[in-house]
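The structure appears below as structure tokens.
The values are calculated or read from the model by the stated rules, or taken from the named source; none is laboratory data. No experiment lies behind these values; they were computed from the predicted model shown. Positions of Cβ are backbone-derived with ideal geometry, glycine not excepted, and every protein chain shown enters the neighbour counts.
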């Protein structure tokens with residue numbers, strides 16, 4: 001494929017292939033940089049919705065543990081179906097969920113728990129300068145992010161190379177207000 005992909009599916013294929021080529025040592029170093037950046041953005045007593053990285057997704061469980069050690073309440077998603085994500089508090093332990101994703105073992109807090117977060121760290125394959133996020137295509141986050149508090153920082157977490165000038169967008173896509181990369185730290189999305 002030459003040039004920029006035209007469709008979301010083409011972008012997904014290219015980005016996933018590119019991620020598979022990144023050595024584990026590079027991903028580990030990026031995870032350390034992301035943890036350092038996140039710890040500088042939050043304070044004790046705040047609530048952060050985060051995620052457990054799957055495969056080659058940026059981030060780490062160490063970041064989640066560091067937030068908890070800092071006395072930040074960390075909520076992690078629980079996929080229950082096509083409705084918005086459910087949430088549960090992370091206390092350092094995880095269990096396999098029905099969709100082969102790791103999730104907290106504590107009580108479910110419901111989809112509206114996202115409204116308690118000052119920051120929502122959102123996994124993405126790419127995010128563009130305007131905050132358009134490309135996910136894996138299931139729509140779980142788009143259905144959930146509309147429940148976040150209007151002042152919450154919706155942060156797409158990507159590798160530096162995945163912060164792009166422009167991505168295709170649909171009307172239902174919820175835009176990120178910020179982008180977090182290992183090398184660039186937190187960057188506000190450009191609002192048009």
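When residue 183 is tested against the conditions (1) surrounded by fewer than 16 Cβ atoms within 10 Å (Cβ to Cβ); (2) touching a residue at least 60 places away in the same chain (Cβ under 8 Å); (3) in contact with a helix residue (DSSP H, G or I) (Cβ under 9 Å, 6 or more places away or on another chain); (4) over 20 Å from residue 41 (Cα atoms), the lone failure is (4).
Scanning the range 125-145 for residues that are in contact (Cβ under 8 Å) with a residue 40 or more places away in the chain and touching a helix residue (DSSP H, G or I) at 6+ places or on another chain (Cβ under 9 Å) yields a total of 9. Confirm whether residue 38 is modelled with pLDDT of 95 or more, surrounded by 13 or more Cβ atoms within 10 Å (Cβ to Cβ), within 21 Å of residue 117 (Cβ to Cβ) and under 18 Å from the mean Cα position of the chain (by Cα). Judged against the criteria, residue 38 is a match.
Select from the range 148-163 the residues that are in contact with a helix residue (DSSP H, G or I) (Cβ under 9 Å, 6 or more places away or on another chain) and surrounded by fewer than 19 Cβ atoms within 10 Å (Cβ to Cβ) and list them in ascending order. Once the filter is applied, which keeps residues that are in contact with a helix residue (DSSP H, G or I) (Cβ under 9 Å, 6 or more places away or on another chain) and surrounded by fewer than 19 Cβ atoms within 10 Å (Cβ to Cβ), the range 148-163 yields 149, 160, 161.
Report yes if residue 94 is surrounded by 15 or more Cβ atoms within 10 Å (Cβ to Cβ) and farther than 17 Å from residue 115 by Cα, otherwise no. Answer is yes for this residue. Note on the range 103-116: residues that are within 18 Å of the chain's Cα centre (by Cα) and over 17 Å from residue 66 (Cβ atoms) amount to 7.
For the range 1-35, taking the residues that are closer than 29 Å to residue 65 by Cα and touching a strand residue (DSSP E or B) at 6+ places or on another chain (Cβ under 9 Å), the one that is surrounded by the fewest Cβ atoms within 10 Å (Cβ to Cβ) is identified as 33.
A quick yes/no check of all residues on (1) more than 17 Å from residue 159 (Cα to Cα); (2) within 13 Å of the chain's Cα centre (by Cα):
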site: 47; (1), (2): yes, no
site: 56; (1), (2): no, yes
site: 59; (1), (2): no, yes
site: 68; (1), (2): yes, no
site: 73; (1), (2): yes, no
site: 83; (1), (2): yes, no
site: 95; (1), (2): yes, no
site: 119; (1), (2): yes, yes
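The residues in the range 80-120 that are within 21 Å of residue 180 (Cβ to Cβ) and in contact with a helix residue (DSSP H, G or I) (Cβ under 7 Å, 6 or more places away or on another chain) can be counted, and the count is 5.
For residue 46, the stated conditions hold: it is at pLDDT 95 or above, within 18 Å of residue 150 (Cα to Cα) and surrounded by 14 or more Cβ atoms within 10 Å (Cβ to Cβ). Candidates are the residues of the range 122-143 that are modelled with pLDDT of 95 or more and more than 18 Å from residue 190 (Cα to Cα); the one that is surrounded by the most Cβ atoms within 10 Å (Cβ to Cβ) is 125.
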